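The values are calculated or read from the model by the stated rules, or taken from the named source; none is laboratory data. Just so it is clear, the structure is predicted and the values come from calculations on it, not from any experiment. Here the Cβ positions follow ideal geometry from the backbone for every residue, glycine too, while neighbour counts run over all protein chains shown. Keep in mind that these areas ignore ligands, DNA and RNA; they rest on the heavy atoms of the full protein, side chains included. Shrake-Rupley method; radii C 1.70, N 1.55, O 1.52, S 1.80 Å.
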Amino acid sequence: MRVLLTGGTGMVGRNIKEHPNTANYCVLTPSRKELDLTNREQIRSYLKAKSPEYIIHAAGLVGGIHANIANPSRFLIENLEIGCNLISEAAMIGVKNIINLGSSCMYPRNAPNPLKEEYLLNGLLEPTNEGYAIAKIAAQRLCDYLKVEDNSRNYITLMPCNLFGKYDNYKPERSHLIASIIVKLHNAKINNKKSVEIWGDGTVRREFMNVKDFADAVWIVLPLIKQLPNVINIGTGKDYSILDYYKKASEIIGFKGTFTFNLCKPVGMKQKLLDVKKINDLGWFPKSSLESGIEETYSHYLDLTR
Ligand SMILES: NC(=O)c1ccc[n+]([C@@H]2O[C@H](COP(=O)([O-])OP(=O)(O)OC[C@H]3O[C@@H](n4cnc5c(N)ncnc54)[C@H](OP(=O)(O)O)[C@@H]3O)[C@@H](O)[C@H]2O)c1
């Protein structure tokens, strides 16, 4: 079975690629040079040449709140092109199975928590990541439409909660919360800083999962794809406040100082906890604890800084 994995150089893609189940498949992971997803012709000739039975679509322009606010048009345009080009070309070539990756950012900002799959498109989006979310929603809906037009297509979207872990991005303009907490606390520790600034008042809640567990969910879902609903949330089912994450990471990193709160900075949605009943009903649960995930990620970060 040939599986095309897009985004194979990214955090999610690399973890999907390192999962032991890859041994059961022939996994193709073209670089962007080999397969630029903004280029339709390149996609068409790649798919014709390789004829994958499955596509796991884990490529996209991804960034934290800062990057999304600074460049919403780029997040909209690139993700729209990447998603729509790949999925529509795959349908035309006759690829029957696609696992498209969505994001919890696609849920309406005022939807009740935990967020159920059916809340998609039921309200206005969070303005700080609206461009990104609109593009991801378009790709999800395209999967639905193509499935309605031809019911032999098994096109589903997995909606991961926030992810962190091995191969996380630590560049300030690209990093997500846990990676940025690790960098801030580590630098504060080695520079003997007495305090670290938190954006907002620390009460906003987020659900974070080790990306290794998400990779596991992808490989569990793949052989079941024919019988699955169009959208499935993947998360831990548990969230923590931003301050909790800082405190847990401080214990692991060894930062002994205090925190200050910058109330002028944007914080995004108040809560984004996924309802994970559908994936749990399939018998899948995440394996790693938050603490062990932060420990592993910190150790990976230290390796990179050596
Ligand atoms: N990280 C999270 O917390 C999270 C949470 C929910 C959903 N997701 C979803 O998971 C997917 C992957 O996220 P990630 O965290 O792994 O991001 P990442 O580390 O930034 O990786 C993005 C990947 O996409 C590739 N890519 C970007 N533009 C491309 C293009 N035009 N053509 C071909 N490849 C392109 C990148 O290739 P290069 O190496 O060449 O740049 C890279 O391999 C995204 O769809 C994202 O929405 C992520």
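Here's how it looks for residue 102: its modeled amide H is under 5 Å from those of 158, 159, which are all 5 or more places away or on a different chain. Annotation: amide H-H contacts under 5 Å for residue 56 (H modelled 1.01 Å from N, sequence separation of 5 or more, or interchain): 4, 5, 6, 99. Computing Rg and the Kirkwood Rh from the Cα coordinates of the chain gives a ratio, Rg/Rh, of 0.96. The range 230-271 has equivalent-ellipsoid semi-axes of 26, 17, 7 Å, by the square roots of 5 times the alpha carbon gyration tensor eigenvalues, sorted largest first. Gain on full extension, evaluated as 0.36 nm per residue between residue 124 and residue 287 minus their Cα-Cα distance, stands at 55.3 nm.
Every helix of 4 or more DSSP H residues in the chain counts as -39500 (n - 2.57), and over all residues that averages to -13000 deg cm²/dmol at 222 nm.
Which value does Rg/Rh take for the range 83-135 over its C-alpha atoms, Rh per Kirkwood?
Value, to two decimals: 1.08.
Averaged over residues, the count of other Cβ atoms within 10 Å places the peptides 33-39, 109-115, 224-230, 270-276 in the sequence 270-276, 109-115, 33-39, 224-230, highest first.
Relative contact order for the range 159-237: 47 percent, from Cα pairs under 8 Å spaced at least 6 residues apart, divided by residue count. A P(r) calculated from all alpha carbon pairs of the range 173-306, with 5 Å bins opening at zero, reads 2, 9, 17, 19, 17, 14, 10, 6, 4, 1, 0 percent.
With the largest listed first and rounded to whole Å, the semi-axes of the equivalent ellipsoid of the range 90-178 from the Cα gyration tensor are 26, 18, 11.
In this label model, residue 203 and residue 251 are separated by 2.4 nm, measuring between points 7 Å along each Cα→Cβ vector.
Relative contact order of the chain, taken over Cα pairs closer than 8 Å and 6 or more residues apart, is 20 percent. When the alpha carbon coordinates of the range 108-231 are projected onto the principal axes, the ranges are 61, 32, 24 Å, largest first.
Report the Stokes-Einstein translational diffusion coefficient (µm² s⁻¹, integer) for the range 20-155, Rh taken as the Kirkwood radius over Cα pairs, at 25 °C with viscosity 0.890 mPa s. Here the translational diffusion coefficient equals 154 µm²/s. Label positions at residue 194 and residue 306, each projected 7 Å from the Cα along the C-beta direction, are separated by 3.4 nm. The distance from the alpha carbon centre of the range 3-56 to that of the range 105-146 is 25 Å, rounded to a whole number.
Of the solvent-accessible surface of the range 90-224, computed with a 1.4 Å probe over protein heavy atoms with every protein chain present, carbon and sulfur atoms account for 52 percent.
For residue 275, the residues whose amide H sits under 5 Å from its own are 115, 116, ignoring neighbours fewer than 5 places away on the same chain, with H placed 1.01 Å from N. The length gained on full extension between residue 271 and residue 141, counted as 0.36 nm times the residue separation minus their Cα-Cα distance, comes to 44.4 nm. Straight Cα distances below 18 angstrom link residue 96 to the lysines 48, 50, 147, 226, with same-chain residues fewer than 8 positions distant left out.
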